[in-house]
Each structure stands twice: as C-alpha cells, then as structure tokens.
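First the structure, in the form of structure tokens, and then the observations on it.
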Amino acid sequence: METYKFTVHLEGDDWMDWLTKTTSKNQCTFSGLPTATKNLKWQVIAVGNGERLESPWQDFTLSDETNGASKPAKPEVQWAKFDFVPGDEVIFEDGPSADEENGEFPSRWDAAEGKAFCAKNFRIAKGGVKYYDRVLSDGKIIVNGIRFDVNKATIKPESNGAINEIFELMQKQPTLNFSVEGHTDSDGDEALNQSLSESRARAVMERLIDMGIPANRLKSAGWGESKPIGENTTAEGKANNRRVEFVKF
C-alpha cells in the first residue's frame, strides 16, 4: 500500500494568506504563526494510491487550557467524517481501526497560541468514489483547491495539482467534456462576484486548453454567489462556496 503525501493548508481569520506544509509522516507542525488568533481553518490535499484527494475547508476555535497552551475544542459532529473530492471518506479518531488505509489526517491537535500548530494521528478510510465515478453519478466534480489571487483571476501555483488531475482525467476519457463553472461566497459586491467567477472559470478553462485539451471539449460559466453549497455566515461555509465545478456536458 502506497503512503499518502499530504499538503496541509492552515489559515487564521486575520492572516493575509494560508500557510502550507507538505508531509508523508503522521503529523505536521506549523511554527511561527502570523498572529495569536484563536479562529483557524484548514484543508488538506492527499496524493497517493494513484489518486488525489481534496478536503473541504474546516474551521475551529482554540480554547484556553490550564497549562498555558491553547488547544482546539472537541470537534462537532461534522468533523466525524466528510467526503473528499473525489469522495474518499475521512474519519477522525485517536487510534487506528480495521477499515483504514495507510494514510493520515488530523484527529488530534496541539497549538501553543501564537507559536505553533501540530496536527497528528490522522488516517484515511478505505473506499470512496473516484473522480470518474463521481462524474457518472453526480454529473460534476466540485474542486475547492483551485486558488486565485485576491480579487483576481490569476491562478495560484498550488492549484496545479487539481488542474492536472482534471487534465489527466480528460486525456483518459476522450468523450468527457466539461463546463468549467466558477462560484464565490457572498462577501463583497454581488455584480463584482459575478464578474470574478466568470473570469476565474475562463482562466481555468484556458489553462486546460493550453495544456492540450481541445477547445471544443470545454466551455466556461460563472455563477457568482448565486449557488452556495454552504452557509455564508461561517468561515467554513464561505470557503466551501469558493469553488470551481467541472460539469459534464
């Protein structure tokens, strides 16, 4: 069984951008956090076993401890499991169980406020729905890991993995065509969000064409903030609403 390589993104509510750390071990530590904020969120991208798995963003609040450190409060039910895109189930627990593959994902956290954040003892469950099966069942792939410069359609370098996966899927499935569709959260002006989502979707489409996908197999559209899949009242919901969908046509 191949070991997963994990890219973990950690972001505070008042940080300019996320921190990124890549590891194949069973823990990941971030040192020198930009601020002592207690409101954090994270996302992970796991690569292994011939698959690329992408989690939605999750947020949490650190709580004070008597020893002077700060640790996250007990996760609520939505932390128990969720689906990666393309669908592998992630479970959070303090020890291994029989239904796990060789992989890791945070089940315990330690954070010294303003100093370091450590995620450890994490695992990925077996099974799940792969990219192509998700297209067949849902008619689309939802990707949160394609990131852009703030208020621009410039694709960030850390988005290359997700775009490469779509490219490889389209190469393997020559009859599969996608409408690349951009979505935003509800922050800011609605008209600007609409325009931004259109520009970002077009940028992703053009990247795939530049990589060699025929232009007649792609089109683009933007929906702005009109089709949320999460609550725009929470950081987690907003992060999940900022997405690119690849819709089969």
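Within segment 196-204, identify whether any single residue is crowded, with 16+ Cβ neighbours inside 10 Å and over 28 Å from Leu10 (Cβ atoms), and answer yes or no. Taking every residue of segment 196-204 in turn, at least one turns out to be crowded, with 16+ Cβ neighbours inside 10 Å and over 28 Å from Leu10 (Cβ atoms). Pairs are defined by a Cβ separation below 6 Å, a sequence spacing of at least 6 or placement on different chains, a first member in segment 169-185 that is without any contact (Cβ under 8 Å) to a residue 60 or more places away in the chain and of a type in the set (A, V, I, L, M), and a second member that is surrounded by 17 or more Cβ atoms within 10 Å (Cβ to Cβ) and not in a loop (DSSP other than H, G, I, E, B); the pairs so defined are Leu169/Tyr131.
Can you name the residue in segment 207-241 that is of a type in the set (Asp, Glu) and outside any helix (DSSP H, G or I) and is also surrounded by the fewest Cβ atoms within 10 Å (Cβ to Cβ) among such residues?
Going through segment 207-241, the residues of a type in the set (Asp, Glu) turn out to be 210, 225, 231, 236.
Still in the list and also outside any helix (DSSP H, G or I): 225, 231.
Working: Glu225: 21, Glu231: 14.
Top of the filtered list is Glu231.
Of the residues making up segment 169-191, those that are more than 14 Å from Met205 (Cβ to Cβ), acidic (Asp, Glu) and not in a helix (DSSP H, G or I) are Asp185, Asp187, Asp189. Residues in segment 227-234 include none that are touching a strand residue (DSSP E or B) at 6+ places or on another chain (Cβ under 6 Å) and not charged (D, E, K, R). Considering segment 24-58, and only residues there that are under 12 Å from Lys5 (Cβ atoms) and assigned to a loop (DSSP other than H, G, I, E, B), the residue that is modelled with the lowest pLDDT turns out to be Asn49. Only one of these conditions is not met by Val204: (1) assigned to a loop (DSSP other than H, G, I, E, B); (2) among the β-branched types (Val, Ile, Thr); (3) within 23 Å of the chain's Cα centre (by Cα). Which number is it? Status for Val204: all satisfied but (1).
The set of residues in segment 149-168 that are touching a residue at least 60 places away in the same chain (Cβ under 8 Å) and of a type in the set (A, V, I, L, M) comprises Ala162, Ile166.
The values are calculated or read from the model by the stated rules, or taken from the named source; none is laboratory data. Note that the coordinates shown come from a computational prediction; the quantities given were computed from them, not determined experimentally. Glycine gets a Cβ as well: all are built from the backbone with ideal geometry, and neighbour counts include every protein chain shown.
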